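The structure appears right after this line, and notes come after that.
The values are calculated or read from the model by the stated rules, or taken from the named source; none is laboratory data. This structure is a prediction, so every number in the text was calculated from the model and none was measured. FYI the Cβ positions are ideal-geometry reconstructions off the backbone, even for glycines, and counts take in every protein chain you see. Accessible surface areas use protein heavy atoms only, side chains included; no ligands, DNA or RNA. Shrake-Rupley method; radii C 1.70, N 1.55, O 1.52, S 1.80 Å.
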Amino acid sequence: MRQSKILLDSSAIQHNIQLIKNHAQNSEIIPVLKANAYGHGIDFYLKFYEELGFNRIAVAYLEEAEDLREKGFKGKILVLVPPTIGDLEDIIRLDLECSIDSFDLLDAISNQDFIIDLHLFVNTGMNRDGINIDRVEEFLEKAKRIESADIVGIMTHFADAEKCQNSFAKKQYEIFENLVKKLQENSHIFNLIHAQNSSGIFNLDCPICNAIRPGISLHGLLPNPNKAKEIGLKPVLELNSRVKNTYELKAGDTAGYSFKFIAQKDTRVAVIPIGYGDGLNTRLGNKAECLIKGKRYPIVGSVCMDLTLIDIGFDNVGIGDEVTLIGKSGNDEISVYEYADILELIPYEITTALKRRVERKLIFKS
């Protein structure tokens, strides 16, 4: 059995949920568990959220919703990326809610015998998803005449809610708020009004909204690490492996592929059973570090598909010793943000890259 594991701290999950609740006390929480729960592992999160009483979960795509149904989730599932006409049959079969921004999809729904719950996606300036403001009323008037279309929600998405001076997100919200108020005055009633993603929850007040869509914050992360620390979010994920083997090298010896590590002096390298086939970025080699017994050691050479090398010198490190790639060891910690900074990526890319073949395990830390 491979000894590389992802550990998920259930106490940190509960802590983060409570912080989110405190920031949006009158809002329904719609956990966004797309991309395998941002790489953390949908199986554990799904069971956990069911036990906590969440009856609506959001994903990006139909295939992710189908996976949730196959795993036994019977609550409401909102598909956030507006689907195509070709998805309609499966949306009905799986009893899904979906966002909508297409007159063509609305026309297709009019030919169905089943009522589909829809969330009207409004484009407030991000220009990626959503129907343009000037066609919203036309859309809603048409939807009113279609018995199989039930507009239960209205939504938008912010382009830069993670910034402290989020003037553009504020402008988007003002556009959205004014629109919703106007629609309500014209007798358009929505059960759910939502706009805030993780950063929006903590950076932007949206009083017109009665639901929120936390994603990465559920896992203790935000795009801005200082903001996450200020709020008190706790990272949920740890990534660990164990030393599989060690090799003694003489100065000038090479280890791994393509001569990317050549020993400058006599040393030892440890081999751990994890690599880019598990989601470890190849550019971490010769740049990043890991922790063994609370001490930092450099990751060296090529990160291989299944194995990675660490320069351990002649320290007391042997086969079976735990290696922390993400998480705490002793008094030190390697965070998702550290790897993201090294690779010039956003933290989302670090966790979502982690493959399903790495075993996940739910733990509880007091």
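A few points about this structure:
- Residue within region 149-157 that is closer than 21 Å to LEU192 by Cα, open to solvent by less than 10 Å² (accessible area, probe 1.4 Å) and among the β-branched types (Val, Ile, Thr) present: yes
Yes or no, residue by residue, for (1) among the small types (Gly, Ala, Ser); (2) closer than 26 Å to LYS234 by Cα; (3) open to solvent by 20 Å² or more (accessible area, probe 1.4 Å):
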position	(1), (2), (3)
GLN14	no, yes, yes
GLU28	no, yes, yes
LEU33	no, yes, no
LEU46	no, yes, no
TYR61	no, no, yes
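- The helices (runs of 4 or more DSSP H) located wholly in region 1-120 that include 3 or more residues which are within 21 Å of the chain's Cα centre (by Cα) occupy 10-23, 34-38, 42-51, 62-70.
- Pairs where the first residue, in region 162-183, is in contact (Cβ under 8 Å) with a residue 24 or more places away in the chain and closer than 18 Å to ILE201 by Cβ and the second is open to solvent by less than 100 Å² (accessible area, probe 1.4 Å) and of a type in the set (Ser, Thr, Tyr), C-beta under 7 Å, 6+ apart: GLU162/SER199; GLN172/THR124; GLN172/THR156; PHE176/THR124; PHE176/THR156
- If you go through region 228-253 and keep only what is free of Cβ contacts under 8 Å to residues at least 40 places away in the same chain and more than 30 Å from ALA161 (Cα to Cα), you end up with TYR247, GLU248, LEU249, LYS250, ALA251, GLY252, ASP253.
- Scanning region 323-364 for residues that are open to solvent by 30 Å² or more (accessible area, probe 1.4 Å), assigned to a helix (DSSP H, G or I) and among the β-branched types (Val, Ile, Thr) returns ILE342, THR352.
- Condition broken by ILE272, with the remaining ones in (1) in contact with a Lys or Arg (Cβ under 7 Å, 6 or more places away or on another chain); (2) open to solvent by less than 10 Å² (accessible area, probe 1.4 Å); (3) under 28 Å from SER99 (Cβ atoms) satisfied: (3)
- Some residue of region 106-118 being crowded, with 18+ Cβ neighbours inside 10 Å, of a type in the set (D, E, K, R), touching a residue at least 24 places away in the same chain (Cβ under 8 Å) and more than 18 Å from HIS188 (Cβ to Cβ): no
- Verdict on GLU230 being under 25 Å from ASP315 (Cβ atoms) and either open to solvent by 80 Å² or more (accessible area, probe 1.4 Å) or in contact with a Cys (Cβ under 7 Å, 6 or more places away or on another chain) (or both): no
- Checked against (1) within 23 Å of ALA12 (Cα to Cα); (2) open to solvent by less than 20 Å² (accessible area, probe 1.4 Å), VAL317 passes all but condition (1).
- Look at (1) over 19 Å from ILE13 (Cα atoms); (2) touching a Leu at 6+ places or on another chain (Cβ under 8 Å) and you find that LEU221 fails only one, number (1).
- Applying the condition of being assigned to a helix (DSSP H, G or I) and in contact with a Cys (Cβ under 8 Å, 6 or more places away or on another chain) to region 191-217 and asking which residue is surrounded by the fewest Cβ atoms within 10 Å (Cβ to Cβ) yields ASN203.
- Candidates ALA263, ALA288, ALA255, filtered to the one that is under 30 Å from ALA37 (Cβ atoms) and of a type in the set (Gly, Ala, Ser): ALA288
- Exactly one residue out of LYS74, LYS21 is without any contact (Cβ under 8 Å) to a residue 12 or more places away in the chain and closer than 19 Å to ILE216 by Cβ, and it is LYS21.
- Number of residues in region 158-187 that are farther than 13 Å from MET126 by Cα, open to solvent by less than 10 Å² (accessible area, probe 1.4 Å) and modelled with pLDDT under 95: the value is 1.
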